[in-house]
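Worksheet for the structure shown next.
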Amino acid sequence: MAENYLKGTEFLFYVDTTTPATTALNAVTLANAKLVKCLTSNGFSGTTNTIESNSKCAGLWAESIADTAGWTMDFSAEALELQALDTSIDQNALFNLWKNKTVFWGFMYDIASVTLRYGLMRIDSYSDTGAKGSIQEFSGTLTGIGVPGDQTTIAP
């Protein structure tokens, strides 16, 4: 039986600067999400800090308990001029979100909406690169604020 793989090219990054940051995670919709144009890659990463036990109670095997957790998203894209009436998000919009330390809703999901990662975030790292003989590129790292959501928590 052939597997139905999800293609990385269909897993895109969107920005919503319209929905208030005070909106509950399960009340957020995709209605105001705008696509970041010409992505070359994007990703989600979650980490959990641990508290380790070093007592003799643990015996010869390490033990730990979960502590605080955090998450980030990242993106890389090729820059281009936006055409009139284009509502996509470009390098200039993302630069200004970083510069102004704006908190906004961000989403990564595939076209079929099988996998969704979203939440409040801010851009903590932004970069523009324009090498000779290549297309200008831009990239950034976004820090998640609070608990992230997925396809089971988004409002219909």
Going through the range 114-149 one residue at a time, which ones are exposed (fewer than 14 other Cβ atoms within 10 Å of the Cβ) and under 26 Å from A27 (Cβ atoms)?
V114, D124, G146, V147
Just to verify a result, which residue in the range 18-58, among those that are farther than 19 Å from Q151 by Cα and surrounded by 16 or more Cβ atoms within 10 Å (Cβ to Cβ), is modelled with the lowest pLDDT?
K37
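L6 - would you say it is more than 23 Å from A93 (Cβ to Cβ) and surrounded by 15 or more Cβ atoms within 10 Å (Cβ to Cβ)? Walk me through it before giving the result.
On the way: more than 23 Å from A93 (Cβ to Cβ): yes; surrounded by 15 or more Cβ atoms within 10 Å (Cβ to Cβ): no.
Taking the combined requirement at face value, the residue does not satisfy it.
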Considering only the range 122-147, state which residues are within 17 Å of A69 (Cα to Cα) and either in contact with a Phe, Trp or Tyr (Cβ under 7 Å, 6 or more places away or on another chain) or outside any strand (DSSP E or B) (or both).
G144
Can you pull out every residue in the range 10-45 that is within 15 Å of the chain's Cα centre (by Cα), closer than 20 Å to A112 by Cβ and among the polar types (S, T, N, Q)?
S41, N42
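The values are calculated or read from the model by the stated rules, or taken from the named source; none is laboratory data. A quick note: this is a predicted structure, and the numbers were derived from the prediction, not measured. All Cβ positions, even for glycine, are placed from backbone atoms using ideal geometry, and neighbour counts span all protein chains on display.
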